[in-house]
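Peer 1: So that we are looking at the same thing, I have put the structure below in structure tokens.
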Amino acid sequence: MTIEETAMVRKMILVGLWCIQTNPSDRPSMSKVIEMLEGNIEALQIPPKPFLSSPPRSPVEESSTY
């Protein structure tokens, strides 16, 4: 993979991480996404670490069988 290809992959990953933020207000608008994709990778910030967890399960759900 060339340096340019590596930079493009990194840019797409960063933009993708911004787009899947849990809090909708943290997600970029489509115009901002285009700006991020067309811009310089050095200008992109790393998005905040998302808080990912499963919702708590009730004892009824845990004991049921299918």
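Bear in mind that the values in this text are calculations on the coordinates, not laboratory data. Bear in mind that the values here come from a model prediction, so they are computed numbers and not experimental data. With ideal geometry, Cβ positions are generated from the backbone for all residues, glycine too; neighbour counts draw on all protein chains shown.
Peer 1: For I20 and K49 in one chain, what is 0.36 nm times their gap in residues minus the Cα-Cα distance, to one decimal in nm? Please list the in-between numbers first.
Peer 2: Numbers: separation 29, 0.36 × 29 = 10.44 nm, distance 1.09 nm.
Length difference between fully extended and current span is 9.3 nm.
Peer 1: Given Cβ point charges of +1 (Lys, Arg) and -1 (Asp, Glu) and nothing else, what value in debye, to the nearest 20, does the dipole of the range 1-41 about its Cα centre take?
Peer 2: 140 debye
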